[in-house]
Structure formats: C-alpha cells, structure tokens
C-alpha cells in the first residue's frame, strides 16, 4: 500500500507540473489585462466606463445644441423675412403702373373692334376664332387688307378654316355679312355708317371706357388694402407717401382712359 500511495503521489506531481508549464497557465488570471491597463491601454473590446460617460454626456449636449441652433435659425429666418419685406414688395410703383397699363391695353383692343366713319382692316383683328380646338384672334389665322373703301379681304392661312373664319365674323356682333370667294378668301363688305349708327357705336365706346375705369379703381382698392394690412410695420410718413403715389397712378390711368375715349368718339363720329 505504501508503494501504491507513493506512485499515486508521483503521478499527481507530474500532472501538476504539466499543467503549470502549459502556455495558458504561465501567468495568473487577468495578468495580461492588468499589464495593458498599467501601460495606459484599454482592452480593444472593452471601452472604459469613463469614456462611456463622456460620450453619453456629449451626446446630450449635442442634442441641446441642435435644438438651440434650430431655434436660432428659425428666429433668423423670421427676422430675415421682416427685413426683406418693404413697401415696394407690397405695392411697388412700377408694378402698380404695369397693372394699370394692362387695363389701357385692353381698352385699345376693345376700341379696335368699333367701326367709325373710316373702314380699317384692323377692325377685325380681335374677332375670336376657334382654331384647332382653342380660341384665338382672327389676326393669327388670316391677313386682312382693303379692296376698295368699303371692302375688307381676308386671306386665310389654312384654306380649311375658311368657313370657320366666315362664321366667326358673322357672329361677332358687328352686323357684318361676310362671304367666301373660294378656298382661303373671305370678303367682308362694310356698310357705310349712318349718323344713327355712329352715335350708337360711340355709346358702346363709352361703355368700354367706363368698364375700364371700374377695373382701375378695383386695382387701386386691392393695393391700398395690402398697404393697410402692413402699415404698422413701416413709418407713417412712408405709408402716406405711397398711398399718394398710388392715387396719382390711378388718376393718370383714368385720364388716359378719358383721352382714349375722346379720340375714339371723334373718329367714330367724323363723316
């Protein structure tokens, strides 16, 4: 038994030596991480707890900073809008004059369709004609010329539209009776106006002029409404000055309409 126990003791010692010399057991547990920590290095797969705290704290600051930047940007944008807006943006004089000028241009087109004592080939230019599914002016589909003092001849660009042009003139309200002379040619006899017909046409011209004045006054009203809505944002003197300027533009437009009417009436009533 003593000999058996001695052999067991020798086998145990040998096994302990093998284990002690194995590479995984040459250093005590956690010795490597402790050595790396002593050298100022952190394990690659284990960031320090302090670093985690810093990252987390920095993230919160970043979020707060983001909100602050957004609020600041929104405030700056709002301030920028207030600064960019001016009386010229609301009621600029050039833009207002352009709106009034369009009214006078429309009145000119209306007057062109009114026949006076002298026959003018341009009197048919604004007659509306249906062309390929859309409405357009006669001047865009045919060329007008005079053939005698009381006869207008139309040369239709597309001969297939001759009948369409003829019907459009007959239905335009001028009391004309056109007739086609072959494909692409339309003759429009212009009756010699009487005193009564001239006076009737002059009344129509006056109605067109009055309608244009109503449009001008409507434009003025809209512009002044826009100014009044924003008047507290500008110096009082500037607001009053701009209103006076708009009023002057309105008077100029109305004077232009009156001048155009007098000229047209003289043209209509002249024998």
| message | Can you say whether residue 177 is exposed (fewer than 14 other Cβ atoms within 10 Å of the Cβ) and touching a helix residue (DSSP H, G or I) at 6+ places or on another chain (Cβ under 7 Å), as far as the supplied structure shows? | response | yes
| task | Determine, yes or no, whether residue 189 is touching a helix residue (DSSP H, G or I) at 6+ places or on another chain (Cβ under 7 Å) and closer than 22 Å to residue 149 by Cα. | result | no
| task | Restrict the check to region 257-271 and report whether at least one residue is touching a helix residue (DSSP H, G or I) at 6+ places or on another chain (Cβ under 9 Å) and in a loop (DSSP other than H, G, I, E, B). | result | yes
| query | If you check residue 103 against the conditions, is it touching a helix residue (DSSP H, G or I) at 6+ places or on another chain (Cβ under 8 Å), farther than 30 Å from residue 224 by Cβ and either part of a strand (DSSP E or B) or modelled with pLDDT of 90 or more (or both)? | reply | no
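The values are calculated or read from the model by the stated rules, or taken from the named source; none is laboratory data. If you're wondering where the values come from, they're calculated on a predicted model, not measured in any experiment. Counting neighbours? That spans all protein chains shown, and the Cβs are built from the backbone with ideal geometry, glycine included.
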